[in-house]
Amino acid sequence: MSRPQAESVIKNIIREIAQECAAKGHSVSETLVAFMVKAIVLDPSNGFNVDRTLTKNDVQKLIKLCVERLLDPKSPSLETIKMQVYFDMNYTSRGEFLEEHHRVLESRLAPVCREITDSRARTAEELESLYRKIVSYVLLRSGLGSPTDIKVVREATAALQSVFPHTELGTFLSLVKKDKERQLRELTMIVTGIRLFNKDSGKGGEGIDDLPTILKEAIPATTKHIESELEASREKIYQYTALIEYMGENRAQSKLLNTNQLTEALYNSRQHEAFLNIILSDVIACAQQVEMMDKQYGAQMEQLRSTVRSKTAIPTAQVYPLFIVLSNLWNGFQDEIVLLSVLSNMTTQLQPFLGIHEELLPSDIIQPLLSEIAVKSDDERIKQSTGTRVNPSDFLAQEWYFPETTANFDRLPIQYQGFCGFTVATKDGLLLPGNPDIGVLKHVDRYYSFSSKEAACRFAQDPDHYIHLIGEKAKKCAELIQLLELHQQFASITPYSQAEAAEKLLMKPITKCNSSTQTDTHIMETNIVKSYEWNEWELRRKAIKLTNLRKKVTHSMQTYCSHMRRENFTQVYLPKQAGTQTKRDNASNVPKPQIFLAGIRGCGMSKPTNMVKVNLTRAVDET
């Protein structure tokens, strides 16, 4: 089957699964269905053969298993997968989010901008209407107040008139479209800066919120909310980890709780913790950005005050750049407000994916068991294992890293999100935090940390074996692929015919790839000079336009002594007269052909036309 055919079959399977779930009253996204299809196929217990084309029975079996998994009301694994899909669909990095946010704003303002740039206003009423549209555009683009608020409109109009009076509309209309758009953006920034300065001076600022103050209050509140959510998730993580260890040592107690559900609930809480840490780091970055911009804003406002103070007239070239910088800083505050709102909303939206914990693992069952065991936090576990280190001389073939001998040790990309790989492989997927102080093992350009010295030593004896076991565990619990960042290990599938007899599905990382290099076409950055002209006549036309000589009268006077030129003389030798004489002069002439056509006017309706051609050319000997 070709690749397009395979993609078409997969899309049809995904669509049919989504339709069956919808028919049973559960609406699921195609992204979630696709993730579940992958999870079902990866699980060796389902017996799917990746080395041959799926038969009709295979497709029906796959659809049935996916629908059962998607409609399972008591599956922490399903909730974790839903959480991962939601986060992947909604989270982007800070730069990508701001870029997308600006693109959306531009697309919303495009109709208003197009209406202004395409205007062909001529009459006074049309010009007045165009000016009002420019005011509305400035308000919409700056986000400082509503265009329907008469007080805001009056203030914005007054600020705009100070930099762009009605008399400038004619010049504005004569510009090309790109120049109009550029001028509209500049006017927006200048008007925004003027209004912000007026607000700071207590002479305006209608409809302008105090964004720096709002951010200073909102960021700590958001941080506190995320940290409280983190604390609740970590408390569950520590309890579930202690229970799994206790039940692994005491098989008699394992009947009280479903160990598989307890492990899946641990994965769910660990994934929630990982996502909250990502969001919290973005909020901290937001706080640092706001603090930096607040200092710049205060310094810029102070510079503007000192420039304007006790002066009746200020050069525009001196004050306009300050207004533009103020506007850009304020736009930065607006971006941080939107970003903080999105992060806070994502934190709230992650909470429903934890609702199954209380249903499957109620407190009245968990608490009596916890009273018999000691619950340790991640920090306590790391502190407990600190001081015991691997001896590198015991593993001469392996490479180990330690804090005091490695630069940027805390920036090493530890595999499995920092969890101990040996524990995951040998204790049925239990997640324990690794302690880098024990020693970080480098194997095939990847770095591994461990929860104890014993775990590090045993893992170092045969790393590939334990890495393979972790991959096998991830096939049964698909949520581990993202939780432990196993995407590289699951990047390709070994054909069924090449796998071992006991294995149904084997995933191996890509170790080779085709690559190529090419010299960049343009090493230097492009520099297009918009004002460049290659045509000298166009330059002459622009020069004449600049001089504007049509209505100018020039006077000049010059004397022999003032023309500032020296006398020049030039002497040449005239060419000699030359001639050519022949022995005999002779000439010849031929007659000019002459032909006369008679009777071409016609003879009326009664007689046919009879044209006569007469050759009047004289003979040669007669000339």
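The values are calculated or read from the model by the stated rules, or taken from the named source; none is laboratory data. Just so it is clear, the structure is predicted and the values come from calculations on it, not from any experiment. With ideal geometry, Cβ positions are generated from the backbone for all residues, glycine too; neighbour counts draw on all protein chains shown. Just the protein is used for accessible areas: all its heavy atoms, side chains included, with ligands, DNA and RNA removed. Shrake-Rupley method; radii C 1.70, N 1.55, O 1.52, S 1.80 Å.
Working note: Karplus 6.51/-1.76/1.60 with θ = phi - 60° gives the stretch 458-475 the couplings 5, 5, 5, 5, 8, x, 4, 5, 6, 5, 5, 5, 5, x, 5, 5, 5, 5 Hz, where Gly and Pro are set to x. Restricting the stretch 297-344 to trypsin sites (Lys or Arg not before Pro) that sit in a DSSP loop and have at most 14 other Cβ atoms within 10 Å of their own Cβ leaves ARG309, LYS311. Along the stretch 413-426 the Karplus relation, 6.51 cos²θ - 1.76 cosθ + 1.60 evaluated at θ = phi - 60°, assigns HN-Hα couplings of x, 5, 6, 6, 6, x, 7, 6, x, 5, 5, 4, 6, 9 Hz to successive residues, with x for each Gly and Pro.
If you roll a 1.4 Å probe over the chain with all protein chains in place, what percent of the accessible area is carbon or sulfur? Accessible surface attributable to carbon and sulfur in the chain totals 52 percent. State whether the stretch 333-406 is rounded, prolate or oblate according to the following rule on the C-alpha gyration tensor (a ≥ b ≥ c being the square roots of its eigenvalues): a/c under 1.5 gives rounded; otherwise a/b larger than b/c gives prolate, and the remaining case gives oblate. Taking the square roots of the gyration eigenvalues as a ≥ b ≥ c, the stretch 333-406 is oblate.
The residue among ILE284, THR547, LEU483 whose Cα reaches farthest toward the positive pole of the charge dipole of the chain, with charges on the beta-carbon of Lys, Arg, Asp and Glu, is THR547. Accessible surface for the stretch 404-443, divided over its residues, is 41 Å² per residue with a 1.4 Å probe. Length, then width, then depth: along the principal axes, the Cα atoms of the stretch 140-204 run 38, 21, 21 Å.
Of the chain, which part is the longest with no chymotrypsin sites (Phe, Trp or Tyr not before Pro) in a loop (DSSP not H, G, I, E, B) and with at most 13 other C-beta atoms within 10 angstrom? So the longest stretch without any such site is 1-531. Along the axis of the charge dipole computed for the chain (Cβ charges of +1 for Lys and Arg, -1 for Asp and Glu, origin at the Cα centre), the listed residues SER385, THR570, ALA110 are led at the positive end by THR570.
The Rg/Rh ratio of the stretch 49-176, with Rg taken over Cα atoms and Rh as the Kirkwood radius over Cα pairs, comes to 1.37.
Per residue, the stretch 1-125 exposes an accessible area of 59 Å² to a 1.4 Å probe, with every protein chain left in place. Separation of the stretch 572-590 and the stretch 208-281, taken as the distance between their Cα centroids, equals 114 angstrom.
Under the classification rounded if a/c is under 1.5, otherwise prolate if a/b is larger than b/c and oblate if not, where does the stretch 314-438 fall, given a ≥ b ≥ c as square roots of the Cα gyration tensor eigenvalues? Since a/c reaches 1.5 but b/c is at least a/b, the shape of the stretch 314-438 is classed as oblate. Here the Karplus curve 6.51 cos²θ - 1.76 cosθ + 1.60, taken at θ = phi - 60°, turns the phi angles of the stretch 108-121 into couplings of 6, 8, 4, x, 5, 5, 5, 5, 6, 5, 8, 5, 10, 5 Hz, with x standing for Gly and Pro. For the pair the stretch 53-118 / the stretch 282-357, the C-alpha centres are spaced 30 Å from each other.
Placing +1 on each Lys and Arg Cβ and -1 on each Asp and Glu Cβ, with no other charges, gives the chain a dipole about its Cα centre of roughly 4820 debye. Look at the dipole of the chain built from charges on Cβ: of MET247, PRO362, GLN594, the Cα furthest out on the positive end belongs to GLN594.
Between the helical axis of 177-201 and the longest alpha-carbon principal axis of the chain there is an angle of about 60 degrees. Think of each Lys and Arg Cβ as +1 and each Asp and Glu Cβ as -1; about the Cα centre, that makes the dipole of the stretch 133-215 roughly 280 debye. Among the listed pairs LYS151/LYS177; LYS180/LYS203; LYS133/LYS199; LYS453/LYS476; LYS11/LYS61, a Cα-Cα separation exceeding 26 Å is found for LYS151/LYS177; LYS180/LYS203; LYS453/LYS476. Here, P(r) means the percent of Cα pairs in each 5 Å bin from 0 to the largest distance; for the stretch 1-90 it is 2, 13, 24, 26, 19, 10, 4, 0. Legend: Rg and Dmax of the chain, from Cα coordinates, 42.2, 147 Å.
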